[in-house]
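Visitor: Submitted below is the structure of interest, expressed as structure tokens.
Read the figures in this text as sums done on the coordinates, not as results from a lab. Source: prediction; values computed, not measured. Methodologically, a virtual Cβ is constructed for each residue, glycine included, from the backbone with ideal geometry; neighbour enumeration extends over all protein chains shown.
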2 protein chains.
Amino acid sequence: MRKTAKKKASVEQLPAVTRDPEASVQDILAVATEEFAINGLSGARVDQIAERTRTSKRMIYYYFKGKEGLYQAVLEKAYQDIRALEEKAKLLDMEPRAAMRKLIELTFDYDETHPMFISLVSVENIHQAKHLTNLTSIKDMNQSVIRTLTSILERGRKEGVFRSDLDPVDVHLLISAFCFFRVSNRHTFGAIFDRDLSDP
Amino acid sequence: MRKTAKKKASVEQLPAVTRDPEASVQDILAVATEEFAINGLSGARVDQIAERTRTSKRMIYYYFKGKEGLYQAVLEKAYQDIRALEEKAKLLDMEPRAAMRKLIELTFDYDETHPMFISLVSVENIHQAKHLTNLTSIKDMNQSVIRTLTSILERGRKEGVFRSDLDPVDVHLLISAFCFFRVSNRHTFGAIFDRDLSDP
DNA sequence: TCGGTTGTGTACCAACCGGTCCATTTTTTC
DNA sequence: GAAAAAATGGACCGGTTGGTACACAACCGA
């Protein structure tokens with residue numbers, strides 16, 4: 001009843017309601033990313049996400065089918081973003097040691113400035129990555145880091161600046177481990193030791 | 001807590017023990033640890049925990065006041081267990097390099113064999129360690145690792161086998177990072193790269 | 001301008017879930 | 001041995017939450 005009254009009364013200024021599907025999708029994704037990162041998959045509330053969006057809960061189910069669908073979309077976008085960044089830096093054109101240093105800096109800085117991504121990955125790990133396995137696109141996407149690293153190590157080996165027995169996946173693991181842990185565990189670490197994991 | 005034997009000598013013979021409060025508590029804690037580790041704080045269901053226990057939901061609220069209380073108790077016990085283990089190994093009696101190696105092995109093996117602990121810490125980090133801050137006991141408890149590490153580094157420095165500018169907290173961070181990440185991120189890592197993070 | 005498709009808002013529901021009430025039995029205290 | 005306290009069980013409840021039915025407006029091609 002309140003609906004009809006409002007509509008009737010404001011007929012002349014209706015055109016202000018512009019439709020923008022793509023913006024709605026992105027808006028929902030952005031909000032959902034935060035909510036899932038902060039509250040986890042089961043902790044996040046669809047109503048809360050909807051409320052923070054400029055659209056309604058109805059749209060979430062319209063575009064993403066359900067809570068899990070939205071979560072998967074969020075996860076996919078998060079991985080897309082980080083790999084796109086790594087791709088952008090032209091590491092293959094650089095001198096091996098400089099490239100390696102740059103890659104590490106890139107990883108370090110990205111993790112440092114994107115705690116949401118870190119949380120999301122942690123959440124997904126708690127759920128044993130069972131949503132990630134549905135996203136075949138991600139697998140392909142992430143192979144690029146390994147290819148890059150392989151190239152860097154190979155060239156470095158030829159120039160005699162890197163050891164010859166380095167497995168690129170191991171190297172990636174080591175780099176990720178330190179950069180990721182610093183951010184993912186900053187809260188428990190900070191609570192236990194009086195150390196704010198910032199720049200050291 | 002067999003302290004119940006403190007009241008009378010005639011009670012030391014406990015025949016058909018139909019009731020065992022302490023066992024109930026431990027039972028609940030054990031089940032809850034798994035459930036929280038697998039499903040997270042909000043994902044875990046009190047009913048599910050109760051069902052897997054040999055007691056009822058009523059008991060959870062009786063002993064732990066509520067879901068959050070149970071979660072905190074689980075967290076506290078988890079930290080107690082790992083630190084107790086570190087304490088047991090007499091690292092202070094060992095030669096510095098051997099002690100360091102032993103400490104790393106201990107951490108590596110514990111993380112490897114206790115994925116539940118790793119998950120729990122991850123869960124707590126997602127919640128920004130806000131439950132951990134209530135547990136002042138944990139803070140004190142964990143200082144022991146740093147003390148141990150400080151001693152090892154100090155003795156190593158005197159013997160000239162370690163660098164002199166090593167911060168024990170930094171060293172602990174580095175050790176934890178690698179051991180922890182290997183386990184905490186094994187699922188996403190395994191889903192993306194075809195690598196089962198086992199013994200390398 | 002008209003009909004179908006897409007995008008959007010509102011109201012609502014059924015299941016679920018954390019938490020509690022009441023009753024009862026075992027253990028401890030006096 | 002009675003009363004108090006501790007421990008336990010089971011039914012139950014009220015709010016929350018993911019999800020949906022319905023209505024309808026905006027967009028677009030013909």
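Visitor: Mind putting together the pair-distance distribution for region A:67-125? All Cα pairs, 10 Å bins, whole percent per bin, short to long.
Guide: Distribution as computed: 21, 44, 25, 9, 1 percent.
Visitor: What is the angle, in °, between the Cα long axis of helix B:136-158 and the longest principal axis of the Cα atoms in chain B? Nearest 10 is fine, range 0 to 90.
Guide: 20 degrees
Visitor: Same structure, new question: Can you pull the percent of Cα pairs in the protein assembly as shown with separation above 34 Å?
Guide: For the protein assembly as shown, the fraction of Cα-Cα distances above 34 Å is 42 percent.
Visitor: Still on this structure, please answer the following. Quick check: net charge around residue B:60, other residues with Cβ under 13 Å of its Cβ, Lys/Arg +1 and Asp/Glu -1?
Guide: Neighbour charge sum, excluding residue B:60 itself: +2.
Visitor: Something else now. Take chain B, connect every pair of alpha-carbon atoms lying under 10 Å apart with a spring to form a Gaussian network, then pick out the residue of B:136, B:107, B:188 with the largest mean-square fluctuation.
Guide: Evaluated over chain B, the most mobile residue of the options is B:188.
Visitor: Additional query: Please compute, for peptide A:190-197, the average count of beta-carbon atoms on other protein chains lying within 10 Å of each residue's beta-carbon.
Guide: If you average over the peptide's residues, the count of other-chain Cβ atoms is 6.
Visitor: Ignore the peptide's own chain and count Cβ atoms of other chains within 10 Å of each Cβ in A:126-137; give me the average, rounded.
Guide: That works out to 4 on average.
Visitor: Once you sort the root eigenvalues of the Cα gyration tensor of region B:118-200 as a ≥ b ≥ c, which label holds: rounded (a/c under 1.5), prolate (a/b larger than b/c) or oblate (the other case)?
Guide: Since a/c reaches 1.5 but b/c is at least a/b, the shape of region B:118-200 is classed as oblate.
Visitor: Between B:52, B:83, B:163, which gets the highest mean-square fluctuation from a Gaussian network model of chain B, Cα cutoff 10 Å?
Guide: Per the Cα network of chain B with a 10 Å cutoff, B:163 tops the list.
Visitor: Would you mind working out the magnitude of the charge dipole of the protein assembly as shown relative to its Cα centre, with +1 at each Lys and Arg C-beta and -1 at each Asp and Glu C-beta, to the nearest 20 Debye?
Guide: The calculation lands at about 1520 debye.
Visitor: A follow-up question, please. If we count other beta carbons within 10 Å of each Cβ, what is the order of B:124, B:87, fewest first?
Guide: If I rank by nearby Cβ atoms, fewest first, I get B:87, B:124.
Visitor: Here is a further query. For chain A, set up a Gaussian network in which alpha carbons nearer than 10 Å are linked by springs, and say which option among A:133, A:53, A:150 fluctuates the most.
Guide: Highest fluctuation among the options: A:133.
Visitor: Shifting gears a bit: Where does the charge balance sit around residue B:80 when Lys and Arg score +1, Asp and Glu -1, over other residues with C-beta under 12 Å from its C-beta?
Guide: Here the count lands on -3.
Visitor: Which pairs break 26 Å Cα to Cα here: A:57/B:65; B:67/B:102; B:77/B:130; B:102/B:139; B:65/B:90?
Guide: Result: A:57/B:65; B:67/B:102; B:65/B:90 exceed 26 Å.
Visitor: Right, next: Tell me, A:58, B:195 in order of fewest to most beta-carbon neighbours within 10 Å?
Guide: A:58, B:195
Visitor: Taking H placed 1.01 Å from N in the peptide plane, check which residues at least 5 places from residue A:162 or on another chain put their amide H under 5 Å from its amide H.
Guide: Residues meeting the amide H criterion: A:157.
Visitor: Return the calculated 222 nm mean residue ellipticity for the protein assembly as shown, to the nearest 500 deg cm²/dmol, obtained by summing -39500 (n - 2.57) across DSSP H runs with n ≥ 4 and dividing by the residue count.
Guide: -22500 deg cm²/dmol
Visitor: Now for a different question. If I model a spin label at residue A:81 and residue B:86 as a point 7 Å from the Cα along the Cα→Cβ vector, what separation in nanometres do I get?
Guide: Simple spin-label model gives 3.3 nm for this pair.
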